[in-house]
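Only one structure is covered here, and it is reproduced in the block below.
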Amino acid sequence: MSEREYEVFSGHESFVCRYGWLPKLYEAITENPRVFSDDDEAIVTLGIGKNMVKSIRFWGQAFGLTRGESGRTVATPFAIKLLDRKRGIDPYLEDVSSLWRLHWMLTARTSLGAWSAAFLDLQDTEILKDSFIETVKRRAVTARGAATTGTVGQHVEIFIRTYDSGRMSANAVLEDTLGCPMQELGLLELEDAGGQNIVKFRRGPKPDLDVRAAAFAVADFWKTSAVNSRTLSIRSLMLDRRSPGVVFRLDEASMHELVESLCAETKGLTLREDGAGGLDLVSTGSQSPHLRLEELSWH
């Protein structure tokens, strides 16, 4: 079965993941792992409507924070390290570094159709919204055999609303400003050009992508793409599908700066020429490189 046949194009119930949802979800399932077994109980516990309950459950799984286990919803190790009030580094998601980690999980680890099309496959820095919908629809047809324009259009709309930084402006309407914290990453913006909506992606430096969030992504990429290797090429980090360079929409200078920061902060990591005009990230010593990076990422 191909990768696209696993892709998801619905389940969010037309709601973006709103501010406060994920900490609230973590607290709820920690106190009662069976909170979603009864709709009325979930509505009361989470303080949101029935469709929002379905949506918050979807986003918890999509962000890699929860998993189903024998009728229960339990927190993943990632969720505990991030959101736990005693052991987590950011229980209330106040640090933009945490949002970069969540973006990585949502894009590199979860097969959502619009996310895969936009961040993993699309090379252009802008695309007409209508063209983007058609692109995602073709993916959905490949995955499902059939797809309606309405379902795909709603999926794309949720994707755009998740990230559209223009919705945070002073002129944005209230409903938009109650949107998703991922808008803070500034990865894209929807613009009106002569009556046509254009999705514009921002490739280049990401000033608030700190060394810890970069370490988290590089560690995960290294572990999933070259777990037994002690060398990872900068080209691979920059250009491979599901690589940090692709998922975070970085340029070469930004990637090089981040890797240099990783080497400065992580004992046993260094940059070396590969003999063909490129550079490799090399791990020395006995500890696995992804473990060293994970230690930095949760420090």
Reduced Cα scattering model of segment 12-103, Debye log10 I(q)/I(0), q = 0.11, 0.21 Å⁻¹:
-0.27, -1.02
From the C-alpha gyration tensor of segment 213-269, pull out the three semi-axes of the equivalent ellipsoid (sqrt of 5λ each), sorted largest to smallest, in whole Å.
15, 15, 10
Placing +1 at every Lys and Arg Cβ and -1 at every Asp and Glu Cβ, with all other atoms neutral, what dipole size does the chain have around its Cα centre, in debye to the nearest 20?
720
With x for Gly and Pro, the residue-by-residue ³J(HN,Hα) of segment 241-246, computed from phi through the Karplus equation 6.51 cos²θ - 1.76 cosθ + 1.60 at θ = phi - 60° and given in whole Hz, is 4, 6, 8, x, x, 6
Please calculate how many Å² of accessible area segment 208-261 carries per residue, with a 1.4 Å probe and no DNA, RNA or ligand atoms counted.
40
Can you give me the solvent accessible area of ILE89 with a 1.4 Å probe, rounded to the nearest 10 Å²?
60
Per the 1/(1 + (r/R0)^6) rule, R0 = 45 Å and r from the Cβ atoms of ASP84 and GLN123, FRET efficiency to 0.05 is 0.70
For a label point 7 Å along the Cα-to-beta-carbon line of GLN287, residues of segment 191-235 with backbone N under 19 Å:
211-224, 227-232
HN-Hα couplings for segment 218-223 via Karplus (6.51, -1.76, 1.60; θ = phi - 60°), in whole Hz with x for Gly/Pro, come out as 5, 4, 5, 5, 4, 5
Counting only protein heavy atoms, what percent of the accessible surface of segment 213-299 is carbon or sulfur at a 1.4 Å probe?
48
Taking 8 Å as the Cα distance limit and 6 or more residues as the minimum spacing, I'd like the relative contact order of the chain as a percentage.
17
Could you pull out every residue, at least 5 positions away or on a different chain, whose amide H is within less than 5 Å of the one on LEU112? Hs are placed 1.01 Å off N in the peptide plane, and Pro or chain starts have none.
VAL8
Cα-based Rg then Dmax for the chain, in Å, read 19.7, 63
Can you show me the helix-derived [θ] at 222 nm for the chain, built from DSSP H runs with n ≥ 4 at -39,500 (n - 2.57) apiece and divided by the number of residues, rounded to the nearest 500.
-13000 deg cm²/dmol
Relative contact order (percent, whole number), segment 40-164, Cα cutoff 8 Å, 6+ residue spacing
14
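The values are calculated or read from the model by the stated rules, or taken from the named source; none is laboratory data. These numbers were taken from a predicted model, which means no experiment stands behind them. Cβ coordinates were reconstructed from backbone atoms using ideal geometry, including for glycine residues, and neighbour counts include every protein chain displayed. With ligands, DNA and RNA removed, areas are computed over all heavy atoms of the protein, side chains included. Shrake-Rupley method; radii C 1.70, N 1.55, O 1.52, S 1.80 Å.
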